[in-house]
1. With respect to residue B:42, is the statement that it is closer than 27 Å to residue B:176 by Cα, touching a residue at least 24 places away in the same chain (Cβ under 8 Å) and within 13 Å of DNA strand D (Cβ to nearest atom) true?
2. Just checking, does region A:131-151 include any residue being within 14 Å of another protein chain (Cβ to nearest Cβ), over 27 Å from residue A:32 (Cβ atoms) and not in a helix (DSSP H, G or I)?
3. Go through A:182, A:102 for me and flag whichever is among the aliphatic types (A, V, I, L, M) and either in contact with an Asp or Glu (Cβ under 7 Å, 6 or more places away or on another chain) or part of a helix (DSSP H, G or I) (or both).
4. I'd like to verify a number: residues in region A:152-179 that are assigned to a helix (DSSP H, G or I), of a type outside the set (A, V, I, L, M, F, W, C) and under 16 Å from the mean Cα position of the chain (by Cα), how many?
5. Please list, ordered by first then second residue, the pairs with beta carbon atoms under 6 Å, 6 or more apart or interchain, first in region B:186-197 and at the interface with another protein chain (Cβ under 7 Å from one of its Cβ atoms), second of a type outside the set (D, E, K, R) and not in a helix (DSSP H, G or I).
6. Checking the conditions here, which among B:31, B:41 is of a type in the set (A, V, I, L, M, F, W, C), surrounded by fewer than 14 Cβ atoms within 10 Å (Cβ to Cβ) and either under 22 Å from the mean Cα position of the chain (by Cα) or near DNA strand C (Cβ under 8 Å from one of its atoms) (or both)?
7. Any idea which residue in region A:144-181 is nearest to residue A:103 (Cα to Cα), counting only those that are surrounded by 21 or more Cβ atoms within 10 Å (Cβ to Cβ) and of a type in the set (Gly, Ala, Ser)?
Protein chains: 2
Amino acid sequence: MTTDPARRLLPLADQAAPERADAARNRELLLDAAAAMVADLGADEVTMDALAARAGVGKGTVFRRFGSRGGLMAALLDHTERAWQAAVISGPPPLGPGAPPLERLLALGDSRLRTTLQHAALIRAAGAEGARASGAHSFAALHVRHLLAQLEVDGDLPLLAVALLAPLEVPVLEQQVRLDGLPVERVLAGWADLVRRVVGRPAVTPPGGAT
Amino acid sequence: MTTDPARRLLPLADQAAPERADAARNRELLLDAAAAMVADLGADEVTMDALAARAGVGKGTVFRRFGSRGGLMAALLDHTERAWQAAVISGPPPLGPGAPPLERLLALGDSRLRTTLQHAALIRAAGAEGARASGAHSFAALHVRHLLAQLEVDGDLPLLAVALLAPLEVPVLEQQVRLDGLPVERVLAGWADLVRRVVGRPAVTPPGGAT
DNA sequence: GTCGGAAACGGACCATGGTCCGCTTCTATT
DNA sequence: AATAGAAGCGGACCATGGTCCGTTTCCGAC
């Protein structure tokens, strides 16, 4: 293939867009169908065969696109996750920038807890390919770490961030809320308490003058 | 042999022991075979068919005994878990009774972290039927809660206990140690730091070190 | 010992996730 | 427009977890 050098440079700048038209169309088809089926039946009831049939493609195509069932679920989660990240990065306070760090951190926990619980079935179905594999979890950890730094917490921040996020993972939350029947509010209050202990500000907000 | 009425009452008091001889034998057979196969091939490579064949029983028997693959793995974990519980309840300090609460708590974390990592594959394979379903997880939580009480920590102790245990769960640990390549010692130190913050007894932080 | 019923057994059978490979469709090039 | 080669497609095929049910085995009662 004798190719114009310019053509070869473009992809370097443009990067990672080589997807054929039919492939893109099928992805849309599959994603839409999958979302609909999840909404209808719940994530657990969605089989790859049924999805392929409903989207009008072959089963092989489904796996080609998403690699595995987990990958498909992760892809579905992707929308939600992006939205969440956007809310954290540039949404309104207190989740977004503008509020004091501790408030942001508490808002982050609240938001994370609720969305996690909301999409628990999907997240569980996504398994390893899910939040952890994608940037999802690491983004949250990074952000918590950032907030901890702003709060002038010292110690091993990456670990501390993960430790704060760990009780907000699906298995823990489902155990507490669905099995033990604890009210969400209580779990959330418990988490806020944990955060305050870690941050070292037992009570209310510090006197004005921070940052 | 004889029609002693007491025999009929016994099960009520004795409770939950009616297992036929062949059933018991097959359970042993299966458990042994499973342990051997896990040791040989790793938990992920053990299929229910192969296990049944190796134990010389029918596949149906395997499922009758253990309910599911996860149940089988949980059964294998059971030994380890019992041993751990025994060590906590009546083993030597600092894990067992005799040491001051904070030391016990730190020892518990250490021990838990290492055993969890050691049996990670099995635990993962056990899934929902695993630690969480059996008394395993709840025992640990209960004990942590107990230690926190001894330390006169106040707050929502059940939640705090779970929050402390959460970063020691398999997915978190595997991410940190296996994927991120953090040394176990560091993770452990991070956990100890977390504990001290929660307990409210700040570490003897070396001024030039992590501070 | 033998009998009756309950419990356990075993393996054929099913459902579903995942792979494979020959065929089709797209797209860059001329 | 024609073409060649890559990318994608589809569905038969495989592996494995899990179920079902007719048959066998155990055990307490006579």
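Taken together, the values in this text are just the output of simple stated rules run on the coordinates, not laboratory data. Just so it is clear, the structure is predicted and the values come from calculations on it, not from any experiment. Ideal geometry is used to build each Cβ from the backbone, glycine not excepted, and the neighbour counts take in all protein chains shown.
1. yes
2. Taking every residue of region A:131-151 in turn, at least one turns out to be within 14 Å of another protein chain (Cβ to nearest Cβ), over 27 Å from residue A:32 (Cβ atoms) and not in a helix (DSSP H, G or I).
3. Result: A:102 is the single residue among A:182, A:102 that is among the aliphatic types (A, V, I, L, M) and either in contact with an Asp or Glu (Cβ under 7 Å, 6 or more places away or on another chain) or part of a helix (DSSP H, G or I) (or both).
4. Of the residues in region A:152-179, 2 are assigned to a helix (DSSP H, G or I), of a type outside the set (A, V, I, L, M, F, W, C) and under 16 Å from the mean Cα position of the chain (by Cα).
5. Going by the 6 Å Cβ cut-off, the qualifying pairs are B:193/A:155.
6. B:41
7. Looking at residues that are surrounded by 21 or more Cβ atoms within 10 Å (Cβ to Cβ) and of a type in the set (Gly, Ala, Ser), I get A:161.
Each row is one residue, and each column tells you yes or no for (1) more than 14 Å from chain B (Cβ to nearest Cβ); (2) within 16 Å of DNA strand C (Cβ to nearest atom).
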{"site": "A:48", "(1), (2)": "yes, yes"}
{"site": "A:73", "(1), (2)": "yes, yes"}
{"site": "A:83", "(1), (2)": "yes, no"}
{"site": "A:106", "(1), (2)": "yes, no"}
{"site": "A:120", "(1), (2)": "no, no"}
